[in-house]
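Have a look at the structure below before the remarks.
Every read-out reported here was derived from the displayed coordinates using simple, explicitly stated rules and does not represent laboratory data. Note that the structure is a prediction, hence the values are computed from the model and not measured. As a convention, Cβ positions derive from the backbone with ideal geometry for all residues, glycine included, and neighbour counts pool all protein chains shown.
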There are 4 protein chains.
Amino acid sequence: MFILVNLKAYACDPLEVAAAARDVAHDSGVRIAVSPPAPALSRVDETDVETWAQHVDPIDPGSHTGSTLAESVAEAGAVGTLLNHSEHRLRLADIDGSLSAADRAGLETIVCANNPRQVAAAAALSPDAVAVEPPELIGGNVSVATADPGIVEDAVDAAAAVDPDVAVLCGAGVSTGADVAAAAELGAEGVLLASGVAKADDPRGVLEDLVSPL
Amino acid sequence: MFILVNLKAYACDPLEVAAAARDVAHDSGVRIAVSPPAPALSRVDETDVETWAQHVDPIDPGSHTGSTLAESVAEAGAVGTLLNHSEHRLRLADIDGSLSAADRAGLETIVCANNPRQVAAAAALSPDAVAVEPPELIGGNVSVATADPGIVEDAVDAAAAVDPDVAVLCGAGVSTGADVAAAAELGAEGVLLASGVAKADDPRGVLEDLVSPL
Amino acid sequence: MFILVNLKAYACDPLEVAAAARDVAHDSGVRIAVSPPAPALSRVDETDVETWAQHVDPIDPGSHTGSTLAESVAEAGAVGTLLNHSEHRLRLADIDGSLSAADRAGLETIVCANNPRQVAAAAALSPDAVAVEPPELIGGNVSVATADPGIVEDAVDAAAAVDPDVAVLCGAGVSTGADVAAAAELGAEGVLLASGVAKADDPRGVLEDLVSPL
Amino acid sequence: MFILVNLKAYACDPLEVAAAARDVAHDSGVRIAVSPPAPALSRVDETDVETWAQHVDPIDPGSHTGSTLAESVAEAGAVGTLLNHSEHRLRLADIDGSLSAADRAGLETIVCANNPRQVAAAAALSPDAVAVEPPELIGGNVSVATADPGIVEDAVDAAAAVDPDVAVLCGAGVSTGADVAAAAELGAEGVLLASGVAKADDPRGVLEDLVSPL
């Protein structure tokens, strides 16, 4: 299982979460990455945690003020990027373009989607992985794998029907080891989580619990 | 073959094109529809031509100022709608939402896409049809079926692999009966065209030529 | 006072509201206009009510699929257009471009804004009028002129400081003649309203009440 | 005069330009800042050059994936931010919101605009400065102060009429000391430039020339 901690634009200290994630990944052998805001990428990368971007734009190097160039996040240490998060939805053509940009810069990719139908569409664009996250469960206390296990299974089936090489992750409401175990049981190869770690009083403790069943 | 004439925001008279399309469709037995700007839908529909919208938004009836509600275009006489034209690209989630809105209002749907990969993604959302239109050929003098026949064949294959019930159309540069014949030869079930008719001195003559090989 | 009824994308019958507005305007001598969805413009205009668009795009005639051309809404009978409604906010440069497009097509313009600072900015672009509508009061039961009279006075002052030729309207929560009278008292030259009429059981009765103090 | 070097998403080495700008600013006493892509902010700041962001979003800390939080760029060392660059145009309400966010994080602000009318609108939102940059001259070889001196004078007058406390900068095509002198002559308090430095073979030499008349 792959655990990706999305720090969004939370008021947390990215370096504290990064250090905890690095340590728990090291101690457990579980793959854990942290996705901070773009201005914090290089400092997070210096902690030696696996570092991901939250977004890259469908652009080549050039005259693009205020955009996020794939090469810029790679130079800052990112090895992968989320795309089309429900808080930053992209046009279909721009997901395609951002995947090309990420590929050009050597970034791994996870395209988020709201439901199995959109998961299939995303899988058709050949990212490394897709993630199903029902928007109504994001930020809540109930894990997608508990609240709506069918959506995870349907997402796994939908992606496999289009391209069996595309991994499926799930997210929304994930905060415990039991949630991770349930996601794995349903066929997910990883989980996205955010507030469960980023807003926790004890991020390290939450991360240790998350990997405990693995 | 289905011939859809997109009038975009051209300075042409929508009613003149509509009358010509109605007559040529009647005389030839070929299905021809006209897609005018939203404010002209009801007047175009009164000519008895098959009338399509150029876009509908992913909204339910309610507090949405300046948006295009599927029910509003249906009440004005539209029986179908284009979505995600390269001049009006939509977010993946909004294509999904607009398809639901169109379905709710009983509208047939064609989702446009730039290349076979995006065609596959669009097909995964289960529209009635997808249309491949390479942006660099739109508005030009060379038909997609001539300039890049492989892209049409690849689009047909890509859609069929995802959902064989989704028809494939092609567009960009189509303006003659030979273009329509070439598109049919490559597996397309219809063509989108715009400037070839809308900017023609003799739209009726162009339409007669378009249907001549069918 | 100018009363503009924005029908948004409500499920109401635009023609019923239009007929009521036409009659009440005629009987009272008060200027009342109706702003329906774009596909209903020409049918609303046929009722002989003053007809406004909800939005026009910053485009010239040409290759723009799914956009709203100023000339198209004018041909459908609109004599004016709202711009930058809080449900359809525009880029600063696009408000400027849409005002040019509206001017080209002979349309009167009202630019909406959330607060007096944005009202001043909008007034600097020289529309015919600006309208202050606090987003948090839109769709509610309390009129802006009652809930926050200071915002209306500040908007009137802010616009006058930038360009005294720009009229100021107000909106949000307006539904009674007392609301209209309060708005006039604060210096507004008109009101925008929507749900108060569009969702009323008796739109004609509401309109008669609205004009009663004038 | 204030010289702001916008590195956009150019393929240049941000640290090389930053070191040159720091040295030339130190040696000449002229204020020079560098605005790199967000992922490079902290490394640029470590060179001790004055560091600016290219954009911040109109958001508070919280659930915003892939957005640019004002506090995040400030923590990375930025002391100011561009807003509404012609390559990243913002909605009027979002310029207002981004200015509030920048203010909250203690960032200085420059709002870009295309013409004197939009300059006046931007000035009404009370940024620290506005910058007039005709889009058709951006990236070219002719300075705005040479190609269209009237637009700079009109922008200075337009801003002063709305708020005399808002400084006016100009940009587009600036690449020599003569351009800077001409801009100062027309009333500008600073210049924005990009390709003139970022794409130069010898950025340090260009910067030395830029400050030579000051």
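Near the amide H of D:GLU50, within less than 5 Å, lie the amide hydrogens of D:VAL34, all on another chain or at least 5 residues away, with H placed in the peptide plane. Per-residue Karplus couplings for segment A:204-212, computed as 6.51 cos²θ - 1.76 cosθ + 1.60 with θ equal to phi - 60°, are listed in order as 4, x, 5, 5, 5, 5, 4, 8, 4 Hz, Gly and Pro entered as x. Distances from D:VAL79 to itself in the other copies, using label points 7 Å out along the Cα-Cβ axis, amount to 3.7, 5.7, 6.8 nm in increasing order. Based on alpha-carbon centroids, what's the gap between segment C:147-214 and segment A:140-180 in Å, whole number please? Between the Cα centre of segment C:147-214 and that of segment A:140-180, the gap is 50 Å. Need one number: the % of Cα-Cα pairs in segment B:89-163 sitting beyond the 15 Å mark. Cα-Cα pairs of segment B:89-163 separated by over 15 Å account for 55 percent. Across the options C:ASN141, C:GLY77, C:LEU92, the greatest Cα extent toward the positive end of the charge dipole of segment C:70-167 (unit charges at beta carbon of Lys, Arg, Asp, Glu) belongs to C:LEU92. Chain D residue nearest the rotation axis toward A, with distance: D:ALA38, 2 (Cβ to axis, whole Å).
Averaged over the residues of C:104-116, the number of partner chain Cβ atoms lying within 10 Å of the residue Cβ comes to 1.
Within the same chain, aspartates and glutamates fewer than 8 places from A:LYS8 are excluded, and of the rest, those with a Cα less than 12 Å from its Cα are A:GLU87, D:ASP60. Between B:ALA131 and B:VAL111, B:CYS112, B:ALA113, B:LEU169, the built amide H atoms are under 5 Å apart, and every one of these is 5 or more places off in sequence or on another chain.
In the assembly of identical copies, A:ASP201 has its label point, taken 7 Å from Cα in the direction of the beta carbon, separated from the corresponding points by 5.3, 6.4, 8.3 nm (ascending, one decimal).
Global dimensions of the protein assembly as shown from alpha-carbon coordinates: Rg and Dmax equal 28.1, 82 Å. Derived scalar couplings between HN and Hα for segment C:176-188 equal 9, x, 5, 5, 5, 4, 5, 5, 4, 4, 7, x, 6 Hz in order, rounded to whole Hz, by the Karplus curve 6.51 cos²θ - 1.76 cosθ + 1.60 (θ = phi - 60°), x for Gly and Pro.
Rounded to the nearest 500, the helix-only mean residue ellipticity at 222 nm of chain C stands at -11500 deg cm²/dmol, with each DSSP H run of n ≥ 4 adding -39,500 (n - 2.57). Inter-part distance, segment B:35-67 to segment B:1-33, computed on C-alpha centroids, equals 16 Å.
Treating each Cα of segment B:48-172 as one equal point scatterer and applying the Debye formula with no solvent, the log10 of I(q)/I(0) at q = 0.16, 0.22 Å⁻¹ comes out as -0.75, -1.21. For D:GLY140, the point set 7 Å out from Cα toward Cβ sits 2.8, 4.9, 5.5 nm from its twins in the other copies, listed from shortest up. Near the amide H of A:ASN6, within less than 5 Å, lie the amide hydrogens of A:SER35, A:LEU193, A:ALA194, all on another chain or at least 5 residues away, with H placed in the peptide plane.
3J(HN,Hα) along segment C:67-81: 9, 10, 7, 4, 4, 5, 6, 5, 5, 7, x, 5, 10, x, 8 Hz, from the Karplus curve 6.51 cos²θ - 1.76 cosθ + 1.60 with θ = phi - 60°, whole Hz, x for Gly and Pro.
With a 10 Å cut-off between alpha carbons and a GNM built on chain D, which of D:ASP23, D:ASP202, D:ASP96 moves the most? Answer for the Gaussian network model of chain D: D:ASP202. For segment B:38-106, dividing the convex hull volume of the Cα atoms by the residue count gives 85 Å³ per residue. With a 10 Å cut-off around each Cβ of A:200-208, the average count of Cβ atoms from other chains is 0.
Dividing the Cα radius of gyration of segment C:1-65 by its Kirkwood radius returns 1.04 for Rg/Rh. What the pair-distance distribution of segment A:152-214 shows, using all Cα-Cα distances binned every 5 Å from zero, is 4, 19, 26, 20, 13, 10, 5, 2, 0 percent. Its Cα gyration tensor gives chain D an equivalent ellipsoid; the semi-axes, largest first and in whole Å, are 24, 22, 14.
Note on B:172-184: average number of Cβ atoms from other chains within 10 Å of each residue's Cβ is 0. Among B:GLY139, B:GLY29, B:GLY173, the largest mean-square fluctuation in a Gaussian network model of chain B, built with springs joining Cα atoms closer than 10 Å, belongs to B:GLY29. Of all aspartates and glutamates in the structure, the ones whose alpha carbon falls short of 14 Å from that of D:LYS199, not counting any fewer than 8 places away in one chain, are D:ASP13, D:GLU16.
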